[in-house]
Amino acid sequence: MSRYLKLIHALVAMVFAFQSITWAVPVGSVPLSIPALGAGAVLSGVGVNGSDLIFYWKDGADKLGNGLQVKAFFTALQLRQEHFWVDLGLWKTASEAMDPALRDTVIGKVFLESDLRLKRKAMEYLSQAVDPDEMGDGQVSLRLWIEPGKVVVNPVGSSGARIKEIGLKVRADVSGAGEGFERFVESELVPYLEREVNGGKEFTALREVFRAIALARWYELEAQKGRDVPYKDVLDKDVINESLKESGWDVREYLYRFGEMMGSGVSSGVITGGGVIGAIGPEQFVEGAKIGEAEAGSKSLVKKAKDVLKEIGKGGKKAIVAGLLS
């Protein structure tokens, strides 16, 4: 192992000691788990019926799951696109690892867990496939991040849309390494990670949250065209309704876990950042074939947004998203 990597090991150990005192975060306090979607339906599209926003659902009999996608949808409506990012890395502060606007949101939590999983999978792959000596003795830096690619939208009826497809891309930026390692990253590591992100079970919640973000972005673009759509008064206000918040987690705990994970193995000090970026530009939307409402989702699960919000609020919070329902 190179002297550089040995030095990184020592520095990481020092950071752990400092963080445990400064943050007072118990090791292992954040499980790598997001509430399962279970047998609940998948949010497939949105539409407008008079003064009502309609959700189209599929693949779930009569169950709406845990409300993950609904919370993500309305959170995405209320936040500007520039806030949709996280980036775990050594030496980072909480505000450097996640946009503060994502604090206590389901989008922030899912993005952080997905970033941690991406970097863990990259570390495991590198540990199995790369000889440390092949990296050289220089300061190698590998940044990996997930971003949305093309979004195929099926227009539904006269005023709705279903997300047919949203492909997630894994990007990489390498510095300080030889050409051989750069080729390995582009030809082997990135394609492997992209397959996991788009099809792996561990990234299911990320894919569903991105679908919700894409629907919210489409809805916002429709409002910008001058359409009189419900909830347009909450768009891009950067104020999250209290009942949409997802508490009980802290970005600093994820930073601690990232540092703990990077403390050993061939990739110590090599994976330096990247994250998850959620912004979707208008040019990324591609219009597919027009379909009818029956094709957009299960008939039994075409529901008004206000009814869905009440349903996911049963079991705890009174008048969930009261500001949105008014």
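The values are calculated or read from the model by the stated rules, or taken from the named source; none is laboratory data. The model shown is predicted, which means the values in this text are computed figures rather than measured ones. No Cβ is skipped: glycine too gets one built from the backbone with ideal geometry, and neighbour counts run over all protein chains shown.
Table for the structure above
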| quantity | calculated |
| --- | --- |
| First in the stretch 294-310 and crowded, with 17+ Cβ neighbours inside 10 Å, second anywhere and modelled with pLDDT under 75 and among the β-branched types (V, I, T), Cβ under 7 Å, 6 or more apart | L309/I320; L309/V321 |
| Given (1) under 22 Å from G149 (Cβ atoms); (2) hydroxyl-bearing (S, T, Y); (3) at pLDDT below 85, number of the condition Y219 does not satisfy | (3) |
| S158, sole failed condition from (1) closer than 30 Å to I291 by Cβ; (2) assigned to a strand (DSSP E or B) | (2) |
| So E186, is it farther than 19 Å from F258 by Cα, surrounded by 14 or more Cβ atoms within 10 Å (Cβ to Cβ) and modelled with pLDDT of 90 or more | no |
| Odd one out for L88 among (1) assigned to a helix (DSSP H, G or I); (2) under 23 Å from A172 (Cα atoms); (3) of a type in the set (A, V, I, L, M) | (1) |
| From R252, R211, R217, residue being within 25 Å of E113 (Cβ to Cβ), touching a residue at least 40 places away in the same chain (Cβ under 8 Å), touching a strand residue (DSSP E or B) at 6+ places or on another chain (Cβ under 7 Å) and assigned to a helix (DSSP H, G or I) | R211 |
| Identity of the residue in the stretch 94-139, in contact with a Leu (Cβ under 8 Å, 6 or more places away or on another chain) and outside any helix (DSSP H, G or I), that ends up modelled with the highest pLDDT | M98 |
